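Below is one structure, written out as structure tokens; the observations come after it.
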Amino acid sequence: MTKGIFSFILGVSAGVALGLLFAPKAGEETREDIKETMDNIKYKVDDLYHRGVIKTSELYEKGREKTSELYEKGKEKTADFLDKRKKKSEEADA
């Protein structure tokens with residue numbers, strides 16, 4: 001994900017630079033264009049960040065649920081195993 005964000009920012013920056021070189025405008029217009037472009041980049045980066053936070057939270061919760069399920073299954077299997085061992089031990093003693 002980090003590589004994708006870096007590539008995105010690099011691409012946008014290159015586009016801005018080329019746009020400024022090939023479409024000369026008055027200084028005020030150029031500054032306004034740069035400001036708008038930077039605002040758009042900021043919005044997109046913020047959006048990517050928030051989507052990443054949401055996705056990370058979802059994955060964390062799924063992992064936590066799965067860990068809990070596996071823990072409970074392990075407890076059940078251990079209890080079953082110990083019960084079987086106890087029964088076999090009692091049968092052997094009898």
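Laboratory data are not the source of any read-out in this text; all were calculated from the coordinates shown. This one's a predicted model, so the numbers in the text were calculated from it and none came from an experiment. All Cβ positions, glycine included, derive from the backbone under ideal geometry; neighbour counts span all protein chains shown.
Return yes or no: is T37 assigned to a helix (DSSP H, G or I), out of contact with any helix residue (DSSP H, G or I) (no Cβ under 6 Å at 6 or more places or on another chain) and among the hydroxyl-bearing types (S, T, Y)?
It is false that T37 is assigned to a helix (DSSP H, G or I), out of contact with any helix residue (DSSP H, G or I) (no Cβ under 6 Å at 6 or more places or on another chain) and among the hydroxyl-bearing types (S, T, Y).
When you go through K3, K73 one by one, which is the residue that is of a type in the set (K, R), assigned to a helix (DSSP H, G or I), surrounded by 10 or more Cβ atoms within 10 Å (Cβ to Cβ) and out of contact with any helix residue (DSSP H, G or I) (no Cβ under 8 Å at 6 or more places or on another chain)? Before the answer, list the steps.
Values: K3 fails: surrounded by 10 or more Cβ atoms within 10 Å (Cβ to Cβ).
The unique qualifying residue is K73.
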